[in-house]
Amino acid sequence: MKIEIWIGVVVLISVPIGMFLWQRWREKKAQRDGVVVYATVVSGEPVKVFGKLSEMMKIVMWVQEPDSAPREVTLKSRIAPGQKLEAGTRLCVVIDPTDPKRIYPASEESMKRVVLTGPRRERRMMKTGRGVQRTGQRPGGRRGAA
């Protein structure tokens, strides 16, 4: 009788630990082998745990994989207390190569191999590092000069 209780306790403890380690291994593999793209934030709302707001946020964003149409995904992630998350913000995310429905926030190491997707104008701005495009002026001359 006592042995069945101890086997039950061991199973109850080892299953959550095993699930955590499996998910952690799967995320590390995705960070190493997955496609890294920019995602555009649509909205973000805090997640409540036991009726209280937590550091976790539910982020809804648009992701465009190379050679495919954009799609909406939801990600739950921790956000620093002073950080604001507004609509239109671009975040780096990793798409799992085994299951494209799985999305993870990109690590610093995986951000180095980001693939630029989206319209040509946006790709050009991201490549040059310009966040804001100036309209009405040419880069090399005066306006209206002939």
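The values are calculated or read from the model by the stated rules, or taken from the named source; none is laboratory data. This is a predicted model, so every value here is computed, not measured. Reconstructed Cβ throughout: ideal geometry from the backbone, glycine too, with neighbour counts over all protein chains shown.
Just a few scattered comments:
- Some residue of region 54-74 being over 23 Å from Ser110 (Cα atoms), surrounded by 12 or more Cβ atoms within 10 Å (Cβ to Cβ) and of a type in the set (A, V, I, L, M, F, W, C): no
- At least 1 residues being polar (S, T, N, Q) and over 24 Å from Asp96 (Cβ atoms) is the threshold, and among the strands (runs of 3 or more DSSP E) wholly inside region 1-78 those reaching it are 52-63.
- Consider region 79-119 and keep the residues that are modelled with pLDDT under 80 and assigned to a strand (DSSP E or B). The one that is surrounded by the most Cβ atoms within 10 Å (Cβ to Cβ) is Val114.
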